[in-house]
Amino acid sequence: QKTRDNLWSRLGKLFTGKSTIDDEWLDELEEALISADVGIDTTVEILNRLQQRAARERYRNSGELQQLLEQTILSLLPPVQHPAAVQPFQLPDNKRPYVILVVGVNGVGKTTTIGKLAYQYKQAGYQVLLGAADTFRAAAVDQLTIWSERAGVPLVKQAMGADPGAVAFDTVQSAIARNMDVAIIDTAGRLHNKKHLMDELGKIRRVISKKLPGAPHEVLLVLDGSTGQNALEQAKQFMAVTELTGLVVTKLDGTAKGGVVLAIAHQCQIPIRYIGLGEKITDLQPFDPESFVHSLFARDASV
Amino acid sequence: MFESLSERLESAFKQLKGQGRITEINVASTLKEIRRALVDADVHYKIAKEFTDRVKEKALGAKVLQAVSPGQLMVKLVQDELTALMGGEAASLSLEQKPSVILVVGLQGSGKTTFSGKLAYFIRQKLHKSPLLVAADIYRPAAIEQLKVIGQQIQVPVFSEEGLPAVEIARKAVTEAKNRGYQVVIIDTAGRLAIDEAMMQEVADIKAAVNPEEILFVADAMTGQDAVNTAKAFHDRLAFTGVVLTKMDGDTRGGAALSIKYTIQKPIKFVSAGEKPDTLDVFYPERMAQRILGMGDIVSLVEKA
Ligand SMILES: Nc1nc2c(ncn2[C@@H]2O[C@H](COP(=O)(O)OP(=O)(O)OP(=O)(O)O)[C@@H](O)[C@H]2O)c(=O)[nH]1
Ligand SMILES: Nc1nc2c(ncn2[C@@H]2O[C@H](COP(=O)(O)OP(=O)(O)OP(=O)(O)O)[C@@H](O)[C@H]2O)c(=O)[nH]1
Ligand SMILES: [Mg+2]
Ligand SMILES: [Mg+2]
C-alpha cells in the first residue's frame, strides 16, 4: 500500500530543467529530512556537505544529483568493521560461545528482536541459547519462552524477580557447558536517565565478561524507529555503560522513518546492524544503507 | 543539544534587549530559535512553523513595559500560547454508563497494557469504582499473561478467554461486567500500526461492538515527527476521546504532545511516568509547555539577559 520513493522522485522532478540546486530544492530536501526525524543538526550537516560536493563535482541531471545526495548521506555512516556485520548471521569462528547482549529503553522491541535473531542463527545452522534476564516486567519470561519455542531453541530462565546478573551468568555458563554457538541475553527495558537501572546493566555486563573473558561479543542497542531526537540521548547513555557494538532499528514497517539513527551512527560511530519490519519471526533484515536512505524519502500515501 | 540551544537563544535575546517595542526585525531571530527548539523537541516541523507565526502575530507591535525586557515579554507570549494550545480545561474521564467501557488503543509498545493496569488502580483508589480489566490482545506473545500479572499486583480481576476473536472477548467482558456489577470495563488491545488495515478494522469492530464511553489513544512521549500521522490515522478511524502520554519519566522534551494536541484537539487526559501501578498523573498543560521549550533554561536566560 505504500508509495515508495515519493519524496525522492519529487526531489528529482523539482530539479529537472535546472542546472544547479536552488533554495527551493534545498528547502524541499530539508523538510524531507526533518520529517524523517533526521534532526536539525544532522540535516544541516547533510545540506552543507551536499553543497560542498555539488560545488566541486559535476552533476548533469537529477539522477546524478540524487546520487550525490545518496553518497553524502551514506558518508555519515561509520564504516562497517565488525566481521559479523559484514556477514549477517554468520558467527566468527574463534569465539564460542558467542554472546550477544540486547539492551534498550522500554517497549522498543528487544524481546521480539531476540526471537527473530534466534530464528536467523538457527536457520544458519548454529546452536542457539536464549537467556531471560528480564525478570522484572510482567510476563517478560513467558514472552521470551514463547519466542524460544517459535524459534525452536532452548532457554535459560529463573523465577521472576531473580537477579538479572545471575540469569546472565547462568546463561553463559550453560552455553559453555552445552557447547552452544551463540547465547542471546534479553534484558529489561530501562530508561537511560535512571541511574540505578543503568548501573544494573553495567553489572550484568561485568558478570558476563567475568564468566567468559571477551564476552559479550556484541551489545545491541534496540531503538524504536518511531522515536524522535531522544534516541540520540539513549544511545549516548547506553554507550556509556555497555560499549555498544551495534544498533537495531525496529518498527520500520510503520510510517516513521527512523532518521535519527543517522545522527546516532554519525555522532557515536556505532554501526546499524538490523532493522525490524514486523512482528513475525522472519521480519528482521540486515541493515542495507542504500535502501535505508531511499526509505527516508518514502511517503505513505495512506496516511 | 540544550547547551547550544541556550547559546543561540542568548544571542537572540541580546538582540531584543534594550528595544522598547517588538518589531518584525528584532523578533525574527528569536522566533527562529524558538522554532528550532520546538523541532529539536520533536514538535512536527509544520506545526512549529504555524506556532511561531501565531506567536509573531501576537508579539508584533506589543508594547514593552518598563519593567520587563522584550526578551521576557517574548518568553511569556510563547509560554502562554503553548499552554493555551496544550489545553486549558482540566479533562476528566466520562464515566456515566453502567458499566462504563474504556477502550485503550495505540501503536506497539507504547505502554497500553501498563497504562490499563494503572488506570484500573486509579479508578479504584481515587474514584472508588470497581474496575474490570479485559485482555483483548490475542496476538502478542504472553500479552494476556502480562495483564493477568498486573491485575494480580493491583488486585483487579482480569477477564480473558482463550481462542476467541478480540471482538468477542470484549463483548463477553461487558456482559460479564453487567452481570457482576463492575462499574468500569477497561479493554487492553493489541498494538497496531495505523497502516495495518486488518488490525485497524479489528479495533473499529471492537468499538462498534461495545460502544465505549472513552477511547484513549496511548502515545509514547518520545515519538518523533510521525506522531501526527499516527494520531490522525487512529482518530480518523476511531474518533478517540483522549490521549495518554507515556514514559514521561524519561528525559524527552515530549514535543509529540503538542503535535497531537494541535492536530486532533482532544484533551491529554493522563500522563504515565513509570512502570509501577501508582505512577499515573493528570495532565498539567503549563508543565508540559515548559518541558517542551526547555523553559527552565529559557527563563533563566532571560533573567541573565
Ligand atoms: N510493527 C512492528 N512491531 C514490532 C516490531 N518489533 C517489535 N514489535 C512489537 O513491539 C511491541 C514491543 O516489543 P517487545 O519485544 O516486547 O519490546 P521490548 O523492548 O522487549 O519491551 P520491554 O521488555 O517491555 O522493554 C510488541 O507488540 C512487538 O510485537 C517491528 O519491527 N514492527
Ligand atoms: N519507564 C516507563 N516505562 C513504561 C511506562 N509505561 C509503560 N512502560 C514500559 O514500556 C514497556 C511496554 O509497555 P506495555 O504496557 O507492554 O506496552 P503495550 O503498548 O501494551 O505494548 P504492546 O501490547 O506490545 O503493543 C514495558 O516495559 C512497560 O513496563 C512509563 O510510563 N514509564
Ligand atoms: Mg522485553
Ligand atoms: Mg500490550
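The values are calculated or read from the model by the stated rules, or taken from the named source; none is laboratory data. All figures in this text were calculated on a predicted structure; none of them were measured in a lab. Please note: Cβ atoms are built from the backbone with ideal geometry, for glycine as well, and neighbour counts cover all protein chains shown.
Across the stretch B:98-126, what is the total count of residues that are within 11 Å of ligand 4 (Cβ to nearest atom), in contact with a strand residue (DSSP E or B) (Cβ under 8 Å, 6 or more places away or on another chain) and more than 14 Å from B:Leu147 (Cβ to Cβ)?
5
For the stretch A:107-121, does any single residue satisfy the condition of being touching a Leu at 6+ places or on another chain (Cβ under 8 Å), hydroxyl-bearing (Ser, Thr, Tyr) and assigned to a loop (DSSP other than H, G, I, E, B)?
Looking through the stretch A:107-121, none of the residues is touching a Leu at 6+ places or on another chain (Cβ under 8 Å), hydroxyl-bearing (Ser, Thr, Tyr) and assigned to a loop (DSSP other than H, G, I, E, B).
Given (1) away from ligand 1 (no atom under 16 Å from the Cβ); (2) touching a strand residue (DSSP E or B) at 6+ places or on another chain (Cβ under 8 Å); (3) closer than 20 Å to B:Gln201 by Cβ, where does B:Arg171 come up short, assuming only one miss?
Among (1) away from ligand 1 (no atom under 16 Å from the Cβ); (2) touching a strand residue (DSSP E or B) at 6+ places or on another chain (Cβ under 8 Å); (3) closer than 20 Å to B:Gln201 by Cβ, B:Arg171 violates only (2).
Within the stretch A:147-154, is even one residue over 17 Å from A:Glu279 (Cβ atoms), at pLDDT 95 or above, in contact with a helix residue (DSSP H, G or I) (Cβ under 8 Å, 6 or more places away or on another chain) and surrounded by fewer than 20 Cβ atoms within 10 Å (Cβ to Cβ)?
yes
Out of all the residues in the stretch A:122-133, is one or more outside any loop (DSSP other than H, G, I, E, B) and surrounded by fewer than 22 Cβ atoms within 10 Å (Cβ to Cβ)?
yes
Are there any pairs, at least 6 apart or on different chains, whose C-beta atoms fall under 7 Å, with the first in the stretch B:121-141 and away from chain A (no Cβ under 14 Å) and the second within 11 Å of ligand 4 (Cβ to nearest atom), and if so, which?
B:Val134/B:Asp188; B:Ala136/B:Asp188; B:Ala136/B:Thr189
Out of the residues in the stretch B:66-98 meeting the condition of being modelled with pLDDT under 75 and of a type outside the set (A, V, I, L, M, F, W, C), tell me which one is farthest from B:Tyr262 (Cα to Cα).
Within the stretch B:66-98, the match that is farthest from B:Tyr262 (Cα to Cα) is B:Gln66.
Let me spell it out: the conditions are (1) of a type outside the set (A, V, I, L, M, F, W, C); (2) in a loop (DSSP other than H, G, I, E, B); (3) over 30 Å from A:Thr16 (Cα atoms), and A:Gln143 meets all of them except one. Which number is the exception?
All conditions are met except number (2).
State the number of residues belonging to the stretch B:98-120 that are assigned to a strand (DSSP E or B) and either under 13 Å from B:Leu280 (Cα atoms) or away from chain A (no Cβ under 11 Å) (or both).
Count: 6.
Considering the stretch A:189-206 alone, what residues qualify as being more than 9 Å from chain B (Cβ to nearest Cβ) and not acidic (Asp, Glu)?
A:Arg190, A:Lys195, A:His196, A:Leu197, A:Met198, A:Leu201, A:Gly202, A:Lys203, A:Ile204, A:Arg205, A:Arg206
Any residue in the stretch A:26-39 that is assigned to a helix (DSSP H, G or I) and more than 14 Å from chain B (Cβ to nearest Cβ)?
Among the residues of the stretch A:26-39, at least one is assigned to a helix (DSSP H, G or I) and more than 14 Å from chain B (Cβ to nearest Cβ), which makes the answer yes.
Listed here are the residues, each with its yes/no results for (1) more than 16 Å from ligand 1 (Cβ to nearest atom); (2) without any contact (Cβ under 8 Å) to a residue 24 or more places away in the chain; (3) more than 14 Å from chain A (Cβ to nearest Cβ); (4) of a type in the set (Asp, Glu).
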| residue | (1), (2), (3), (4) |
| --- | --- |
| B:Phe159 | yes, no, yes, no |
| B:Thr175 | yes, yes, yes, no |
| B:Ala190 | no, no, no, no |
| B:Glu197 | no, yes, no, yes |
| B:Val210 | yes, no, yes, no |
| B:His235 | yes, no, no, no |
| B:Ile260 | yes, no, no, no |
| B:Val271 | yes, no, yes, no |
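Please go through the stretch A:170-191 and pick out each residue that is away from ligand 3 (no atom under 14 Å from the Cβ) and touching a Phe, Trp or Tyr at 6+ places or on another chain (Cβ under 6 Å).
Matches in the stretch A:170-191: A:Asp181, A:Val182.
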